[in-house]
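Chemist: Below is the structure I would like to discuss, written out as structure tokens.
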Amino acid sequence: MYKSSYLNRVLREVKAKNKEQKEFIAAVEEFFDSMDFVVDKDPRIEKFAILERIVVPERIITMRVPWVDDRGRIKVNTGYRVEFNSAIGPYKGGMRFDKSVNLSILKFLGFEQTFKNSLTGLPMGGGKGGADFDPRGHSDGEIMRFCQSMMAELFRHIGPNTDVPAGDLGFGAREIGYMFGYYKKLRDEFTGVFTGKGISYGGSLGRPEATGYGLLYFVEEMLKEFKKESIKGKKVVISGSGKVGGMAAEKANQLGAILVAMSDIDGYVYDPNGLDVKYITKKAKEKGLFSKEYAQDHKGAKFVAGPHGMWSVPCDIALPCATQGEIHEEDAKLLKKNGCFMVVEGANMPCDVEAIRYFNSNGVLFAPGKASNAGGVAVSGLEMSQNAIHLSWTFEEVDARLKQIMKDIFKKCHDTAVKYGQPTNLALGANIAGFEKVMDAMIAQGVC
Ligand code: 2IT
């Protein structure tokens, strides 16, 4: 129950209209926890029905994706694009290819993306898409035919000033290339309709590193503000060996942190003296997996099957970078008990609502992904800028802008948290600061 009766009513309606969508409802509840601090202070929110409108995607496209496998068999998957909010810019957000993809997950991700993109300060609305298709185990030819089949529908709905997709889980440079190529063929138009593109056809230097590097720049800001320290010598654990985890490990290592444990889908490796980060990032890039081989090649390290146990490893800082719902209340308690004082999300909502509440009421510094992992989409925004002016910036230029954007995001979140009397509650700061810009634009644009 919230203090505000308006919030209670809107949440009841969201629950009634989205009965089966537990991930989406959880994202709305987490956001409404913060809205409870503002709705009574700003009567415009209720007067202009901002929350009733902001929880409904502007448009959802669902498509049949038929394709033919290498043995000539016809297969069918379901594809989606959720165009959530375009108040401050074209829809922008990744595409996810995974068996788990459904409308609840994409609505949760599109909702989060709206506030994340707002926090970057760049003109991007919120969107997300994908399909219940897992590229693992499929040949390049199958993946290409799948991407082309999906684009044969999607091309009608996206465009550089309308909706600009990018990568996410299961959707990397290969998938972006196939989709971009087919869009270009269908539209006869070479534009920045995707971000995360290859460097030879309009991609930005620094985009592959951006989410992981940005996460560490955010961690540095938190340590400076709250602890007057840096990450040098701190013990760090990272979950997930995808693009985010791999690049976070690389930057943490560059900044002098000690990576004591890291996981992939098989399990995790632990070495209290520090893991061999170069080995891990190389293997993770090649295969997306490293943990089993790591333990064979490094006698000092321990391998534990199953990634979940990693949250019991003693550490200073935990960076969950795998996927949603990795850290529950019992994991949060274990982290705290074993010395962890800071949890910063690299994935989207890896910590559930109970875990976040536990961190906030037990003195564990916490940052939500919509702030701390915004570096990826921020550099996507910079890729859009470069495409629009037909120029490419150097890695150093992109990286310097990324660093400044992460500093600015931290400041916005922190200043807002301070304004509402909760100086360390960055989830509150991120939700309110991200929301305010979207709300202003929605009011200015009338009922539409
Ligand atoms: O979750 C995310 O922010 C992304 N998958 C990146 C989105 C983007 O448009 O670069």
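Bear in mind that the values in this text are calculations on the coordinates, not laboratory data. None of these values were measured; they are calculated from a predicted model. Neighbour counts are summed over all protein chains in view; Cβ atoms, including those assigned to glycine, are modelled from backbone coordinates with ideal geometry.
Chemist: Assigned to a helix (DSSP H, G or I), of a type in the set (A, V, I, L, M) and in contact with a Leu (Cβ under 8 Å, 6 or more places away or on another chain): is that true of Leu51 in this structure? Steps first, answer last, please.
Modeler: On the way: assigned to a helix (DSSP H, G or I): yes; of a type in the set (A, V, I, L, M): yes; in contact with a Leu (Cβ under 8 Å, 6 or more places away or on another chain): yes.
Judged against the criteria, Leu51 is a match.
Chemist: Go through region 95-130 and give me each residue that's small (Gly, Ala, Ser) and buried (at least 24 other Cβ atoms within 10 Å of the Cβ). Walk me through how you get there before you give the answer.
Modeler: Looking only at region 95-130, we keep the residues that are small (Gly, Ala, Ser), and these are 100, 104, 110, 118, 121, 125-127, 129-130.
The answer is Gly110, Ser118, Gly125, Gly126, Gly127, Gly129, Gly130.
Chemist: With the requirement that a residue be part of a loop (DSSP other than H, G, I, E, B) and basic (Lys, Arg), what does region 126-137 give you? First the steps, then the outcome.
Modeler: Taking region 126-137 first, the residues part of a loop (DSSP other than H, G, I, E, B) are 132-137.
The answer is Arg136, and nothing else.
Chemist: Next question, about the same structure. Which residue is surrounded by the most Cβ atoms within 10 Å (Cβ to Cβ), if the candidates are limited to region 346-379 and must be under 18 Å from the mean Cα position of the chain (by Cα), outside any helix (DSSP H, G or I) and away from the ligand (no atom under 11 Å from the Cβ)?
Modeler: Among residues in region 346-379 that are under 18 Å from the mean Cα position of the chain (by Cα), outside any helix (DSSP H, G or I) and away from the ligand (no atom under 11 Å from the Cβ), the one surrounded by the most Cβ atoms within 10 Å (Cβ to Cβ) is Pro368.
Chemist: Taking the residues in region 82-125 that are among the polar types (S, T, N, Q) and outside any helix (DSSP H, G or I) as candidates, determine which candidate is farthest from the ligand (Cβ to nearest atom). Lay out the reasoning, then the answer.
Modeler: Start the filter on region 82-125 by keeping residues that are among the polar types (S, T, N, Q), which leaves 85-86, 100, 102, 104, 113-114, 117-118, 120.
Pick out the ones that are also outside any helix (DSSP H, G or I) and you get 85-86, 100, 102, 120.
Values: Asn85: 14, Ser86: 14, Ser100: 15, Asn102: 17, Thr120: 10 Å.
So the residue we want is Asn102.
Chemist: Another one. Can you pull out every residue in region 148-192 that is in contact with a strand residue (DSSP E or B) (Cβ under 9 Å, 6 or more places away or on another chain) and assigned to a strand (DSSP E or B)?
Modeler: Selection gives Asp163, Val164, Pro165, Ala166, Asp168, Phe171.
Chemist: Among the residues that make up region 193-200, is at least one of them under 30 Å from Asp331 (Cβ atoms), assigned to a helix (DSSP H, G or I) and more than 19 Å from the chain's Cα centre (by Cα)?
Modeler: Looking through region 193-200, none of the residues is under 30 Å from Asp331 (Cβ atoms), assigned to a helix (DSSP H, G or I) and more than 19 Å from the chain's Cα centre (by Cα).
So that you can scan it fast, the table gives a plain yes or no per residue for (1) within 13 Å of the ligand (Cβ to nearest atom); (2) closer than 23 Å to Gly369 by Cβ; (3) buried (at least 17 other Cβ atoms within 10 Å of the Cβ); (4) among the aromatic types (Phe, Trp, Tyr):
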{"site": "Asp168", "(1), (2), (3), (4)": "yes, yes, yes, no"}
{"site": "Phe171", "(1), (2), (3), (4)": "yes, yes, yes, yes"}
{"site": "Tyr178", "(1), (2), (3), (4)": "no, no, yes, yes"}
{"site": "Ala210", "(1), (2), (3), (4)": "yes, yes, yes, no"}
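Chemist: Given the condition among the β-branched types (Val, Ile, Thr) and more than 13 Å from the ligand (Cβ to nearest atom), answer yes or no: does some residue in region 185-193 qualify?
Modeler: From region 185-193, those among the β-branched types (Val, Ile, Thr) are 191, 193; that's our starting set.
Pick out the ones that are also more than 13 Å from the ligand (Cβ to nearest atom) and you get 191.
Among the residues of region 185-193, at least one is among the β-branched types (Val, Ile, Thr) and more than 13 Å from the ligand (Cβ to nearest atom), which makes the answer yes.
Chemist: May I pose another question? For region 60-80, state whether one or more residues are within 16 Å of the ligand (Cβ to nearest atom) and not in a helix (DSSP H, G or I).
Modeler: Let us first name the residues in region 60-80 that are within 16 Å of the ligand (Cβ to nearest atom), namely 80.
Still in the list and also not in a helix (DSSP H, G or I): 80.
Yes, region 60-80 contains a residue that is within 16 Å of the ligand (Cβ to nearest atom) and not in a helix (DSSP H, G or I).
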